[in-house]
Amino acid sequence: GTGMSNYSGTGGDPPVPFLPGNSFADPNRDNFRKSHAFDYRSGTPVEMDVPAKMDTTVPSRPQSTQQRFRGTGQQDGEFVPAFAGLDGKVLRFDAFTAEQVPENLTEPFRVRIFTILYHLVDDSVQINEHKQQNSGHAQGVFMKRHRVPRKDPKPGEEFVSLFDFADTKTVQLYSRDFHLTGCNDFTQQFYEVN
């Protein structure tokens, strides 16, 4: 023999032995499609209509800028995903803080000048300090880009949003008051339109 004395089939392939790695649910299956949650429109992946979860106890993220505002440069009727329309769009604010200097009797407080950058695509904030020679403290990136939690959060409003910068002169981030002195043209136009 050929070593196949137990095989009594009438042609075709011998049966697959039941060993680890050789067991199949349906060896005759020819449909191997995978389900997917994304589809492509105009070359951009977009989320398909997936049924929403009914659990509303803990929202994963409050209604963000992406859902409230259209990206600029978008024509009516043309579909542009929110992440693509808002990518690279940044609101820029000029600000300063006045902090006390208890160890110096000639200088009771020190004014530090900052630029606050609010990124619309993910509601994150970055703060850069303007460099001053011989100031005696670290300068440059004051706060790295991230979503800033509120001091007293309300349900659905756990993080600072762009509405905290509208119609105000002072913004409090991590218990530090930033006094807003101005903004760039894009930021001003954005608030006027929206």
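Here's the yes/no breakdown for (1) at pLDDT below 75; (2) open to solvent by 100 Å² or more (accessible area, probe 1.4 Å); (3) touching an Asp or Glu at 6+ places or on another chain (Cβ under 6 Å):
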| residue | (1), (2), (3) |
| --- | --- |
| ASN28 | no, yes, no |
| ASP39 | yes, no, no |
| GLY43 | yes, no, no |
| ASP55 | yes, yes, no |
| GLN66 | yes, no, no |
| GLY73 | yes, no, no |
| PHE93 | no, no, no |
| VAL101 | no, no, yes |
| ASN104 | no, no, no |
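Of the listed requirements (1) assigned to a strand (DSSP E or B); (2) free of Cβ contacts under 8 Å to residues at least 60 places away in the same chain; (3) surrounded by fewer than 17 Cβ atoms within 10 Å (Cβ to Cβ), ILE127 misses just one: (3). Somewhere in the range 152-172, is a residue closer than 18 Å to PHE109 by Cα, open to solvent by 90 Å² or more (accessible area, probe 1.4 Å) and at pLDDT below 85? Within the range 152-172, not a single residue is closer than 18 Å to PHE109 by Cα, open to solvent by 90 Å² or more (accessible area, probe 1.4 Å) and at pLDDT below 85. Taken over the range 112-124, the criterion of being aliphatic (A, V, I, L, M), in a strand (DSSP E or B) and either within 23 Å of the chain's Cα centre (by Cα) or modelled with pLDDT under 90 (or both) is satisfied by ILE116, LEU117.
Residues that are open to solvent by less than 80 Å² (accessible area, probe 1.4 Å) and either in contact with a Lys or Arg (Cβ under 7 Å, 6 or more places away or on another chain) or among the aliphatic types (A, V, I, L, M) (or both) within the range 173-184 comprise LEU173, HIS179, LEU180, CYS183, ASN184, listed in sequence order. Taking the criterion of being under 24 Å from ARG112 (Cβ atoms), assigned to a helix (DSSP H, G or I) and hydroxyl-bearing (Ser, Thr, Tyr), the only residue of the range 145-194 that qualifies is THR187. The number of residues in the range 133-151 being at pLDDT 85 or above, out of contact with any Phe, Trp or Tyr (no Cβ under 7 Å at 6 or more places or on another chain) and surrounded by 11 or more Cβ atoms within 10 Å (Cβ to Cβ) comes to 5. Out of all the residues in the range 187-194, is one or more closer than 22 Å to GLU99 by Cβ and open to solvent by 30 Å² or more (accessible area, probe 1.4 Å)? Checking the range 187-194: not a single residue is closer than 22 Å to GLU99 by Cβ and open to solvent by 30 Å² or more (accessible area, probe 1.4 Å).
The values are calculated or read from the model by the stated rules, or taken from the named source; none is laboratory data. Here the structure is a predicted model, which is why all the values come from computation and not from measurement. Because the Cβ atoms are built from the backbone with ideal geometry, glycine has one as well, and the counts that use them run over all protein chains shown. Note: areas computed on protein heavy atoms with side chains; ligands, DNA, RNA excluded. Shrake-Rupley method; radii C 1.70, N 1.55, O 1.52, S 1.80 Å.
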